[in-house]
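This report concerns only the one structure given below.
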Amino acid sequence: PSDLMVPTFTNKAADEIKERLSFFTEIDDSALIGTFHSVALTLLRTRLDLTDSGYTRDFTVITPEEELELALALMVKEGLTIKYKNRLKKRLENPDGKDLGDDFPRLLSLLSTEKKRLNKMTFSDLIFHATTLSDTTDYRPLHIIIDEVQDTDHEQLSMIDAYFKRGFTNLFAVGDQNQVIYSFRGSIFNVFTTLRNRYQAKELSLSVNY
């Protein structure tokens, strides 16, 4: 299990993978088998050096609603002007969206500082820091196996890339381009082309469902 990184999109799928593997070997909590967020969380808790990140290993994970509350409090405290406040939660979840010419960039900077002060990360922070801190560990998975790869977004694929490029890693991905269910979250529609081009991947088509 220590040779594997297996990110999925649901806890149900992760639990099934762990159950099947448990017939062959012992699976403990350090195994990197789970949703993308839980894999990133385990990396940050057990394998990555957070010294220069502004966080400590006992950080807590907050929901988008909790992040919104922090943002609203900072807006009041700093007197920031934010347009379309009813869309703020969505903008926080997708900060690279359209620039509305308000104080949103300033809010993001203040919010990042505040989350570090409180030792709190959002789900997107987990992916970001697990990616940017990949060079702080000697960990190199021998195999990266991605389930439902069609639902992978740019940030998640960047996390995969950060650990794949360390060398001596095999990549295996399973997906169906006709079943993109997370496209509204920013999944990469042409992820199969991306995998072929970026990793010189060989594509096998399974046209019959058994």
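The values are calculated or read from the model by the stated rules, or taken from the named source; none is laboratory data. In this text, all values refer to a predicted model and were calculated from it rather than measured experimentally. Here the Cβ is made from the backbone with ideal geometry for all residues, glycine too, and neighbour counts use every protein chain on show. Note: accessible area is taken over every heavy atom of the protein model, side chains too, but ligands, DNA and RNA are not part of it. Shrake-Rupley method; radii C 1.70, N 1.55, O 1.52, S 1.80 Å.
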At 0.692 mPa s and 37 °C, plugging the Kirkwood radius over alpha-carbon pairs of segment 90-160 into Stokes-Einstein gives what diffusion coefficient in µm²/s? 226
Taking amide hydrogens as modeled 1.01 Å from N in the peptide plane, which residues meet the under 5 Å criterion relative to G34, leaving out close sequence neighbours? V6, T8
Would you be so kind as to identify which of N197, A40, T10 lies farthest towards the positive end of the dipole of the chain, taking Lys and Arg as +1 and Asp and Glu as -1 on Cβ and the Cα centre as origin? N197
Set the Förster distance to 30 Å, then compute FRET efficiency between R166 and R20 from the Cβ-Cβ distance, nearest 0.05. 0.65
If you keep only loop residues by DSSP, which GluC sites (Glu not before Pro) in segment 1-48 have at most 10 other Cβ atoms within 10 Å of their Cβ? E26
Using a 1.4 angstrom probe, figure out how much accessible area the chain has per residue, in square angstrom, rounded to the nearest whole. 62
Would you mind calculating the gained length between T136 and V61 on full extension (0.36 nm times residue separation, minus the Cα-Cα distance), in nm to one decimal? 24.9 nm
Here the convex hull volume per residue of the chain, taken over Cα atoms and given in Å³, is 143
log₁₀ of I(q)/I(0) at q = 0.09, 0.16, 0.21 Å⁻¹ - segment 27-152, Debye sum with one point per alpha carbon: -0.31, -0.87, -1.23
If the cut-off is 29 Å between C-alpha atoms, which lysines fall inside it for K77, apart from same-chain ones fewer than 8 positions away? K85, K89, K90, K98, K115, K116, K120
